[in-house]
C-alpha cells in the first residue's frame, strides 16, 4: 500500500464536495479562533501590566490573594516558578529584553530560581520562546541584530492620538 503524498486523494470521500466544505468551515473557524486568542492574550497582557504597575506604585498589599496569583506575584512560602519569573521580568520591562538581560534580572530579584538550571541562559531562552508560542510575548530584533522579547499588550490608551505614538510613562 502506497502511503505517499497523494494517498489522501485516494481515500473514499476525500473528493466529496461536502467533506471539502466541512474541512473549509473548520479551517475558517480555527483561523478566527486563533485571531481571537491573540487579541485576548494582548488584552490579558495589558490588564496584567496595568495591575503590576499599580502594585509597583502602591505596594502588593493593594492586591488580594487571587490577584497576586493571577499576576504571578503571589508571595507564598516557596519561590515563584521559572516561567513565572520570566513573565514577571518581561511584564515589568520598559523595553524589549534579551535572554541575558532577563537572566540577570532574575538573578538580582530571585536568585534561587536559577539554581536548579544547569544552563540558565538556555532555560530562559526556551521559556521566552514558549511565551511567544502562548501569545504572551513577542520576539523582536534589536538594532544590534540580536533577538529580544517583549510582553504582548495592547497599546496604552494614552498613546492614541499622540503624534509619535509614545506615552509619557509606561504602566
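The values are calculated or read from the model by the stated rules, or taken from the named source; none is laboratory data. This one's a predicted model, so the numbers in the text were calculated from it and none came from an experiment. Cβ: placed from backbone, ideal geometry, glycine included. Neighbour counts: every protein chain shown.
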Notebook entry, point to check: What is the residue count in the range 114-147 for residues that are surrounded by 13 or more Cβ atoms within 10 Å (Cβ to Cβ) and over 20 Å from residue 38 (Cβ atoms)?
Noted result: 9
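What about residue 122, is it out of contact with any helix residue (DSSP H, G or I) (no Cβ under 8 Å at 6 or more places or on another chain) and part of a loop (DSSP other than H, G, I, E, B)?
Working: out of contact with any helix residue (DSSP H, G or I) (no Cβ under 8 Å at 6 or more places or on another chain): yes; part of a loop (DSSP other than H, G, I, E, B): no.
Criteria not met by residue 122.
When you check residue 7 against the structure, is it surrounded by 12 or more Cβ atoms within 10 Å (Cβ to Cβ), over 28 Å from residue 149 (Cβ atoms) and modelled with pLDDT under 90, yes or no?
On the way: surrounded by 12 or more Cβ atoms within 10 Å (Cβ to Cβ): no; over 28 Å from residue 149 (Cβ atoms): yes; modelled with pLDDT under 90: yes.
Answer is no for this residue.
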